[in-house]
Amino acid sequence: MLTTKTILGAGWTVSSRLAGRLIDFVTVLVLARMLSPADFGLTALAMTLTTIVDMVLEVPLIQALTRLPEVRKSHIDTAFTLGVLRGLFLLFVVLAAAWPFSYIYHDNRLIPLVATTAIGPLMRSFYSPAMVKYVREMSFRQIFIAEFVGKIIAATIAISVLYLGGGYWAIVANGVSASVAATLISYILAPYRPRITLADFSDFSGFLGWFSTAQIVIAFSWQFDRILLGYFVNRSDLGHYTMATDLAVLPTQSLIGPAMQPVMAAFSRIHNDRKRLQNAYSKASQLTMLVAVPICIGMSLTSDLLVNVLLGAKWKEVDVFLQWLALATMLSAFYPPVHALALATNRTNVVFRLSLTEFLLRIVLIPLGLHFYSLMGAIFARLLISLIMFVLVFATARQLTGFNTATEAFKLGKIAAAGVIMALLVLVVRHEMAAQHVGMLIELVVTVCVGAAVYFGALYALGVRLMTNWRLAIG
């Protein structure tokens with residue numbers, strides 16, 4: 001029963017994120033055709049400040065409520081109050097930092113941009129905490145509706161702003177309106193009458209301690225490259241880098257990230273059964289790599305086709321950036337199951353330790369790469385960091401679950417072998433098609449189809465059965 005609920009829950013959350021990302025992707029394509037890389041670089045820089053403050057002050061209220069043995073009305077009221085306090089403090093910090101931020105980067109346009117971007121996380125802080133009842137029941141259809149409808153409304157508003165002559169404000173409007181719409185819809189789906197109280201704060205404080213500390217480190221770690229590059233490179237180069245980064249993480253964030261919410265809920269239910277937890281984690285980690293390997297390798301090998309077909313000639317510089325960032329994303333995809341496992345077993349100190357390690361690597365390696373080899377040096381530094389973190393995350397997972405190292409490495413080795421076989425065949429196909437001088441769109445479609453067929457065929461030949469991995473072995 002738990003297995004079925006987990007799979008259905010993962011299906012809804014993945015569908016929700018995938019649908020939302022697809023809408024975002026189409027919206028970005030429209031905006032990219034009409035706006036310049038410099039416009040994207042400017043808004044990316046403005047969003048960096050808000051994103052850092054948002055992540056530093058993140059209070060995972062739904063996750064905290066999910067892991068409670070019983071959720072009372074007072075718990076929901078406390079969660080709402082914490083969200084309100086968090087949102088108001090976030091707004092104060094962002095508004096106070098807007099002018100100094102614009103002064104540091106020598107661009108007064110950042111002041112209104114930064115102030116406007118704060119509306120998004122402010123509204124998310126008011127999201128109905130009553131939605132937790134669906135998460136606890138592993139019924140994620142309501143979350144799908146809230147996010148999907150919110151994205152549709154946001155895309156409509158963004159494209160309207162663009163065609164009304166709003167320029168780069170359309171990019172900001174897209175993110176802000178999605179948060180506003182999703183929050184309003186959450187109260188329709190999960191009605192809740194707000195009440196201000198901190199009566200059950202003690203039930204949240206233990207969970208939030210290490211997690212909140214980790215969020216500070218994660219925030220600066222994830223945004224460090226944009227902060228650094230925003231100061232040392234021009235807005236156009238920053239726009240190219242930002243677009244490549246967003247494209248690289250789009251598929252895995254859409255598929256793997258949302259699947260971790262029901263997986264974490266399932267981990268929470270079996271955290272006292274070490275054998276089942278070990279087996280469940282093994283299946284979840286294999287599944288993430290089964291998804292990440294073909295997508296990321298495929299993006300790397302067809303980056304030139306993707307950029308030309310989707311974005312156009314003015315984004316050509318994104319090609320080489322995407323080629324390497326996609327591989328870094330593939331290695332990073334191994335982390336979400338460990339993150340979910342640590343939260344489910346109340347080992348938030350593990351999240352902090354890994355986050356701090358990655359942050360220290362970033363502040364050392366990325367500046368060195370940028371100094372010696374310019375923007376490409378920073379990208380290669382990210383690839384090296386992802387490789388180091390992959391090894392550390394694997395070791396951490398072993399500590400948490402006690403799995404056999406050789407057995408897990410062998411399972412992951414099969415997936416890697418299938419990825420290598422796919423890559424070789426894709427290179428052969430691309431070489432042959434180049435001689436035929438076919439159109440880029442046709443070449444892209446044929447390459448994707450051949451690559452997918454070869455990958456799944458290789459998995460089958462190596463004895464990997466996808467349906468077995470979908471059943472997370474927790475039923």
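Couple of notes before you dig in:
- Accessible surface of the stretch 38-102, 1.4 Å probe: 73 percent of it comes from carbon and sulfur atoms.
- Of the peptides 153-162, 394-403, the order by per-residue mean of other Cβ atoms within 10 Å, starting with the highest, comes out as 153-162, 394-403.
- Those lysines that a straight Cα-Cα span of less than 20 Å connects to K414, excepting residues fewer than 8 apart in one chain: K283
- Dipole moment magnitude, nearest 20 debye, the chain about Cα centre, only Lys, Arg, Asp, Glu C-beta charged: 1300
- Aspartates and glutamates whose Cα lies under 16 Å from that of K275, excluding same-chain neighbours fewer than 8 positions away: E408
- Helices in the chain that qualify as membrane-span-like (whole DSSP H runs, Cα extent of at least 27 Å along the helix axis, mean Kyte-Doolittle hydropathy of 1.0 or higher) are 37-56, 73-104, 141-163, 169-189, 348-401, 405-436, 440-461.
- Reachable aspartates and glutamates from K151, criterion Cα separation under 16 angstrom, eight or more residues apart if same chain: D24
- Computed from Cα atoms alone, the Kirkwood hydrodynamic radius reported for the stretch 353-404 is 11.8 Å.
- Here's the picture: charge each Lys and Arg Cβ at +1 and each Asp and Glu Cβ at -1 in the chain, and of F334, L365, M243 the one pushed furthest to the positive end of that dipole is F334.
- Scaled to the globular estimate 2.2 N^0.38 Å, the Cα spread of the chain, given as radius of gyration, is 0.97.
- Three-way shape label, the stretch 31-190, alpha-carbon gyration tensor, a/c 1.5: oblate
- Peptides 101-113, 221-233 ordered by packing proxy, namely the average of other Cβ atoms within 10 Å per residue, highest first: 221-233, 101-113.
- Remark: the stretch 58-130 carries a charge dipole of roughly 140 debye about the Cα centre, counting +1 on each Lys and Arg Cβ and -1 on each Asp and Glu Cβ.
- Calculated [θ] (222 nm, deg cm²/dmol) that DSSP helices of n ≥ 4 give over the chain, each run adding -39,500 (n - 2.57): -28500 deg cm²/dmol
- Probe 1.4 Å, accessible area per residue of the stretch 403-444, Å²: 59
- Order by protection proxy (mean Cβ within 10 Å, highest first), peptides 186-197, 170-181: 170-181, 186-197
- The share of accessible area on the stretch 289-421 that comes from carbon and sulfur is 70 percent, using a 1.4 angstrom probe.
The values are calculated or read from the model by the stated rules, or taken from the named source; none is laboratory data. Everything numeric in this text was worked out from a predicted model, so none of it was measured. Because the Cβ atoms are built from the backbone with ideal geometry, glycine has one as well, and the counts that use them run over all protein chains shown. SASA here: full protein model, heavy atoms, side chains in, ligands and nucleic acids out. Shrake-Rupley method; radii C 1.70, N 1.55, O 1.52, S 1.80 Å.
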